[in-house]
Amino acid sequence: MALEDYEADMTRCSRCSDCKFAPASQLDENRAEICPSIGRYGFHSYSAGGRFVAALSFVSKRVEHSPELLEVLYACQLCGACDVACKKDRELEPLEMMLEFRARCVKDGKTLAALDRLIESLRRSDNMVLRPREERGRWADGLGVKSLATERAQVAYHAGCRLSFDETQWGIARGAIEVMQQAGVDVGIAGADELCCGGRAYEMGYQDALDEYAERNRKVFEAAGVKTLVTSCAHCFHAFEVLYRKIGKELDLEVVHVADYVNQLAADGKIALTREVPLRVTYHDPCHLGRLGEPWIPWEGEEKKVLQQLVLRDPPKTFRRGTHGVYRPPRELLARIPGVELVEMKRKEAYAWCCGSGGGVREAFPELAAWTAGERIDEAAETEADALATACPWCARGLEQSAKAKQKDLPVYDVIELVRRAL
Amino acid sequence: MSGHPATNETGALSRDTYRALEDVVGPEFISDHPVILDGYSFYFLSELITALGAGGEKKFIPRPAAVVLPGSVDEVQQIVRVCNRRGLAFHAFSTGIVCEGGPGRIQIDLRRLGRVIEIDEKNKIAVIEPYVTNARLFHATIKKGLRAHVHAAGANASPLASATSVGGEGPDNPSCGYSSRNVLGVEWVLPTGEILRLGALGSGAGWFCGDGPGPSLRGLMRGVFGAFGGLGVFTKVAVKLYPWHGPAVFKGSGLPPTYGGELPESLRACFAAFPTSDQMYDAVSAIWEEGIAHTFNRMPRSFLCYTSSDSNQEAWELWQSGLLERDFTNGIALLLAGHSKGELDYKERVLHDVLARTGGKRAETLEADPRYALTLLRTSILSDGVFRGVSRPSGGILEGYYLNESVDVSRLSHDASYAHTKTFTDRGICIDNGETNWGTFSDIAYLSEQIPHFDPRDEKSVQGMLELLATSYQKQFETRSGAGLFANIGAIMNDAFGPMLSNVHVWKKRIKKALDPRTACDPTGYSYPEA
Ligand code: SF4
Ligand code: SF4
């Protein structure tokens, strides 16, 4: 779809501000807001409703490309909270419009230097973290895990760019492999040949990257006969499960997030979580696993009207409203760990506050990323939890840095790290 | 005046005026960039705002010269003073459902003033700032067994804006009164920059009474409809609180788009329908007299259809099933509230008696399905989900016929107003919803509205709605059936319809002149000053 295809949505935005708050029956007096972008910058343009207006203004040629327009579009994590809040009661597509607006900027050659650098890294080294390709597989040294380059495996574990290159987080990926090995799973990794999923580039507006990586990843998994693709990264999960389907390049295998996969291993008795981990834990839903992790629902058709002006779609369209995101499995997995007590934050599941790292914000607007993470850390601290657990290395990294910066005694774990302690 | 022009010929701010405002709010909280300003120039029916005198082009009303986000009343006051000194007009809004823009004007966005300042449980008062929403106030007060009136503009609309400046009706009118009745005091930055505190607050006696000891200017401040930001900026308001019969925490279960839950034991949802609209109006009068309604909706079946469904497709299927036409034509929906089962039983018996007298029938099929009760609860108590009924169907609504009159005046215009609207649905201008009068009552009058749905995307639909509005008002005056909503809103409408409304326009011009001698506060939504 092109930006212009959302013009009807732009004119039908009712300025109701629902995209700024959790639904009325879900919020509390405090921590009611869900949009980090307007939360930080305040002007209406930094909300989904405001971006509808900016888009209408752009397609009507009232505003042109400018650094300010780029800032309005990119100082947003594309976390999707606005999207599910708007669509609870409406049939508009704010998130899709924002993605297309960014793609238009890239197409027109109007980009942010910080993100261009990432894309160069991607072109050069197949990763989004500015690191040399050769370092990619080092995280798995000594694990004795199958290499998909030379062997076939039922299950592929995809570490993703962040986990592959951040030594301090290698424990998460190694832990995932160890758990699977212990459960007797036939698992392999692409190691140094692993590729970026292309999802973060797509969200930054570089949509071609997704096509390319969908194709290249398909070949890797097909060649190794992979039936199930497991990943620890919510962004990779989202790309493989949602975005590849969206662009018609669905992988011919099952995509599962590691929290879901390991939860199933535990449910099937393939691993036993027996050691006490006495912790009061609050869980942060990664946006790309939670509300955005809902499967893509393909639809092609057109608008039609009945009763003169009642807007329907032909064929009927099912909107993605965050209903079927991956919320339950990580919580179930935490609940299986002896000694773990789960306490919820005010904003959770479909309305969880973003960690701050998505949509290119971590790289292009680090101050917004830090502020957003700081809000989440404060919210987590309000639960009086001993620790914060999450299921995405991007979230974990941003939240951990924020807790440190705020001098909060709130360790941040990936759920797999807690599972390992219980084995 | 500073001696320098505040804006240039294109309406852009001069650099030193920009700096003067920047000095007040800081560089982060001011912008004059078109991308930011256009965020304050769009309204889904901007053509109406344009027609009301703001000017503008298709879909956009004119950009303001700058937007500022003050963080305190002191900053608001300083902004207003800069505007006065430099001959600039300003206009403020809270959550910003409607914006008016305006070339050369300063848009004051009150987003940063969002504190619930106090819930005074003993005296049943809440003191809030402009950006507090209906939903936030509701959740803050129910913890203490209290609730405030919730106006029907949505869960994320501002109770302060409603209490001080704009209309303020809602289904809970019967138990809470409408917004005008709930103001206990305000902190008001006048168009000149002075701060006025009304009611008991004005004599330092706290927020407990809007009429003193101290100045009582509630009528002047907002009257029936409010000044739409045309008389300055309200930075705090105290509103009355009422008993809340439900639990201290009100949370729907499950995941979007539809949250589950249960009706609190202290509330009962009742739906009833009548063979004729006349019988329905008899029942409205009787229910009003009996004082049993906690919330009351004379509910068009289309509204129930849209709000109780998760999508337009689902609504269309429900509509086609004929269930609502069969069981909920000339329908009313109310919540009864009670502190005990006995109280609830009593109220329900009274309702039965009213229905028996008026020929009404409980809509048992609807009452047997919890989704209708939950929909009624959320929309009536919390204004939650009203946009399913307002904007999801086609994008927009506009009040055509609007009466705040006796039940009998509404009764008399019921068929005529529908027939008039029908001439527009027949032309494809708006959705053919069948009967469309929504209504509720408060201590002052019965409110009845025709709320046709139109498509802001469709030029024919938009222009048709403007025609519907104008002709509806004309018809209302001709048939002596009250004044349309917008007859009282906006400087142009004020001049056009004032002579038919006890010369209210003359008074508004005087008030405007007295409170705003330099016309610093944008008059578009209210009135131009007396010449
Ligand atoms: S984007 Fe959706 S939720 Fe936000 S103001 Fe527009 S209609 Fe409302
Ligand atoms: S995607 Fe997230 S940050 Fe961006 S506008 Fe929506 S809620 Fe705000």
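For chain B, the 222 nm mean residue ellipticity estimated from helices alone, with every DSSP H stretch of n ≥ 4 adding -39500 (n - 2.57) and the total spread over all residues, rounds to -10500 deg cm²/dmol.
Pairing the Cα long axis of helix B:341-358 with the longest principal axis of chain B, what angle in degrees results, from 0 to 90 and rounded to the nearest 10? Value to nearest ten degrees: 80. Taking the DSSP bridge list for the protein assembly as shown and keeping only pairs wholly inside it, about 65 percent are antiparallel. For the range A:1-139, the square roots of the Cα gyration tensor eigenvalues, ordered a ≥ b ≥ c, give a/c of at least 1.5 with a/b no greater than b/c, which places it in the oblate category. Adding -39500 (n - 2.57) for every DSSP H run of four residues or longer, then dividing by how many residues chain A holds, sets the calculated 222 nm ellipticity at -12000 deg cm²/dmol. Once the Cα atoms are used to define both axes, helix A:393-405 deviates from the longest principal axis of chain A by about 90 degrees.
Counting only other chains, what is the mean number of Cβ atoms within 10 angstrom of the Cβ of each residue in peptide A:310-317?
6
Measuring between their Cα centroids, the range A:260-329 and the range B:29-81 lie 38 Å from each other. For chain B, the gyration tensor built on C-alpha atoms gives a prolate shape. Its axis ratio a/c (a ≥ b ≥ c) is at least 1.5, and a/b is the larger of a/b and b/c. Do any of A:88/A:348; B:144/B:341; B:59/B:422 go past 18 Å between their Cα atoms, and which? From A:88/A:348; B:144/B:341; B:59/B:422, over 18 Å: B:144/B:341; B:59/B:422.
Over the protein assembly as shown, what portion of Cα pair distances is larger than 40 Å, expressed as a whole percent? Everything past 40 Å amounts to 42 percent.
In plain terms, the C-alpha convex hull of the range B:401-484 casts an average shadow of 5.1 nm² when viewed from every direction.
In a DSSP loop and with at most 16 other Cβ atoms within 10 Å, the trypsin sites (Lys or Arg not before Pro) in the range B:431-531 are B:480, B:518.
Looking at the range B:168-276, the trypsin sites (Lys or Arg not before Pro) that sit in a DSSP loop and have at most 12 other Cβ atoms within 10 Å of their own Cβ are B:251. Residue B:341 sits among other residues whose Cβ lies under 13 Å from its own Cβ, and their net charge, with Lys and Arg +1 and Asp and Glu -1, is -1. Across peptide B:377-386, the mean count of Cβ atoms from other chains lying within 10 Å of each residue's own Cβ comes to 3. One Cα centroid belongs to the range B:242-267, the other to the range B:82-153; the line between them spans 25 Å. Across the range B:277-291, computed HN-Hα scalar couplings (Karplus, 6.51 cos²θ - 1.76 cosθ + 1.60, θ = phi - 60°) run 5, 4, 5, 4, 5, 4, 5, 4, 4, 5, 5, 4, 4, 6, x Hz from first to last residue, x flagging Gly and Pro. Across chain B, the relative contact order, built from alpha-carbon pairs under 8 Å that are at least six residues apart, equals 14 percent. Across the range B:116-243, Cα-Cα pairs more than 17 Å apart make up 51 percent of the total. Annotation for residue B:510 and residue A:367: the two label points, set 7 Å from Cα along the Cα-Cβ direction, are 5.2 nm apart. Contact residues in the range B:245-268 (at least 50 Å² less accessible area with all protein chains than alone, 1.4 Å probe): B:251, B:255, B:256, B:257, B:259. Most simply put, chain B has about 85% antiparallel DSSP beta bridges, counting only bridges with both residues inside it. The H on the amide N of residue A:188, modeled in the peptide plane, is under 5 Å from the matching H of A:155, A:156, A:157, each at least 5 residues off or on a different chain. For the protein assembly as shown, the Cβ-based charge dipole about the Cα centre amounts to some 1140 debye (Lys, Arg positive; Asp, Glu negative; other atoms uncharged).
Dipole magnitude for chain B: about 1060 debye, using +1 per Lys or Arg Cβ and -1 per Asp or Glu Cβ, origin at the Cα centre. Counting only DSSP beta bridges with both residues in the range B:15-109, the antiparallel share comes to about 35 percent. Here residue A:141 and residue A:386 are evaluated by their C-beta separation; at R0 = 35 Å the FRET efficiency comes out at 0.65.
Accessible surface buried by the A/B pair amounts to about 6000 Å², both sides summed, 1.4 Å probe.
Among B:206-214, A:127-135, A:398-406, B:427-435, the peptide with the highest mean count of other Cβ atoms within 10 Å heads the list, and the full ranking is B:427-435, A:398-406, B:206-214, A:127-135. I'd like the distance between the alpha-carbon centres of the range A:157-178 and the range B:457-473, rounded to an integer number of Å. Using only Cα atoms to place each centre, the spacing works out to 60 Å.
Per residue, how much accessible surface does the range A:1-110 expose to a 1.4 Å probe? Answer in Å², no decimals. Please report the intermediate quantities before stating the final value.
Numbers: 2600 Å² over 110 residues.
Accessible area per residue: 24 Å².
For the range B:227-296, the fraction of 1.4 Å probe accessible surface lying on carbon and sulfur atoms is 52 percent. To the nearest ten degrees, helix A:207-223 and the longest principal axis of the Cα atoms of chain A are 30 degrees apart. Listed values for the range B:490-495 are Karplus-derived 3J(HN,Hα) couplings in whole Hz (6.51 cos²θ - 1.76 cosθ + 1.60, θ = phi - 60°), namely x, 4, 6, 5, 4, 5, and x replaces Gly and Pro. Cross-link partners of residue A:249 among lysines, defined as those whose alpha carbon lies under 22 angstrom from its own and excluding same-chain residues fewer than eight positions apart: A:107, A:219, A:227, A:317.
Scoring A:173-179, A:144-150 by mean Cβ neighbours within 10 Å over their residues and listing the highest first yields A:173-179, A:144-150. Translational diffusion coefficient of the range A:88-218 (Stokes-Einstein, Kirkwood radius from Cα pairs, 10 °C, 1.306 mPa s): 97 µm²/s. Inter-chain neighbour count for B:305-312: the average number of beta-carbon atoms from partner chains within 10 Å of each residue's beta-carbon is 4. Hey, with R₀ at 56 Å, roughly what FRET efficiency would residue B:123 and residue B:419 work out to, going by the Cβ-Cβ distance, to 0.05? With a Förster radius of 56 Å, E is 0.70. The trypsin sites (Lys or Arg not before Pro) of the range A:268-350 that DSSP puts in a loop, and whose beta carbon has at most 15 other beta carbons within 10 Å, are A:270, A:275. Applied to the range B:376-383, the Karplus parametrisation 6.51 cos²θ - 1.76 cosθ + 1.60 on θ = phi - 60° returns per-residue 3J(HN,Hα) values of 4, 4, 5, 6, 7, 8, 10, 6 Hz, with x for Gly and Pro.
The values are calculated or read from the model by the stated rules, or taken from the named source; none is laboratory data. Just so it is clear, the model here is predicted, and its values are computed rather than measured. No Cβ is skipped: glycine too gets one built from the backbone with ideal geometry, and neighbour counts run over all protein chains shown. Note: accessible area is taken over every heavy atom of the protein model, side chains too, but ligands, DNA and RNA are not part of it. Shrake-Rupley method; radii C 1.70, N 1.55, O 1.52, S 1.80 Å.
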